[in-house]
Amino acid sequence: MPLPAERAPDETPSSDQLLARDIRALRKSRGLTLAEVALRLGRSVGWMSQVERGLSTPSIADLRAFADIFAVPISLFFGHEVPNEHERGVIVRAGRRRSLGSSDSGLVEELLSPDLGGSFEVLRSEFAPGAELQSVAHRPTEEAGYLVSGVFDIEIDGVWHSLSAGDSFRFDNKPFRWKNPGSEPAVVIWVVSPPVY
């Protein structure tokens, strides 16, 4: 029986290429042009284009500026290093997930997707007991979720739904809010298309 062919070295994206995918996906999800982001950063359009193609590596100061422009935590841009090169851009090990929130907000999210370069992102969202999103959120995305544990209430387009472990939901481009009315954390596997984090 023939062994599977080894993946060609150029098929495994580098850390810079994965970072480039994330920056491009975030820019596009916010409806910004290369020129608009370059202007906000005080950089040239050519430099921005090189960053998005993985040809130039942004500095820490640049990454902080990207985080401000895209309203994401700077930690999102780190964590592409993997011990096994064949897993880069394909596998995310439990201990190497990128954390996207803090317990102070009542919501901690971890990126389960290797990067934001695909057509969707997968998150593990943990909602603290009593946590809630008080203001309605509305983004041009299709979203779905599966409640792994706890209880979870979600308002979609003005209608509240109470979920228990094993329940799931989906909505497309509709306003939403959430809350955890329970005494235990609620864990939701959340899928968002296109990626917004």
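The values are calculated or read from the model by the stated rules, or taken from the named source; none is laboratory data. All figures in this text were calculated on a predicted structure; none of them were measured in a lab. Every residue, glycine as well, gets a Cβ built from its backbone with ideal geometry; the counts of neighbours run over all protein chains shown.
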Exercise. Mind checking whether some residue in segment 175-187 is under 30 Å from residue 88 (Cβ atoms), in a strand (DSSP E or B), in contact with a strand residue (DSSP E or B) (Cβ under 7 Å, 6 or more places away or on another chain) and touching a residue at least 40 places away in the same chain (Cβ under 8 Å)?
Worked result: yes
For this session: Among the candidates 7, 64, single out the residue that is modelled with pLDDT under 90 and in a helix (DSSP H, G or I).
Result: 64
Seminar exercise, completed: Only one of (1) modelled with pLDDT under 95; (2) surrounded by fewer than 19 Cβ atoms within 10 Å (Cβ to Cβ); (3) not in a strand (DSSP E or B) does not apply to residue 166, and that is (1)
For this session: Among the candidates 157, 68, 167, 153, single out the residue that is over 14 Å from the mean Cα position of the chain (by Cα) and in the same structural domain as residue 47 (by TED's automatic domain parsing).
Result: 68
Problem set entry | Enumeration of residues in segment 107-147 that are touching an Asp or Glu at 6+ places or on another chain (Cβ under 7 Å), within 14 Å of residue 179 (Cβ to Cβ) and part of a loop (DSSP other than H, G, I, E, B) | 129
Exercise. If residue 105 passes every condition in (1) more than 30 Å from residue 133 (Cα to Cα); (2) modelled with pLDDT under 85; (3) loosely packed, with under 15 Cβ neighbours inside 10 Å but one, which one does it miss?
Worked result: (1)
Problem set entry | Failed criterion for residue 51 (all others in (1) of a type outside the set (Gly, Ala, Ser); (2) at pLDDT 90 or above; (3) surrounded by fewer than 17 Cβ atoms within 10 Å (Cβ to Cβ) hold) | (3)
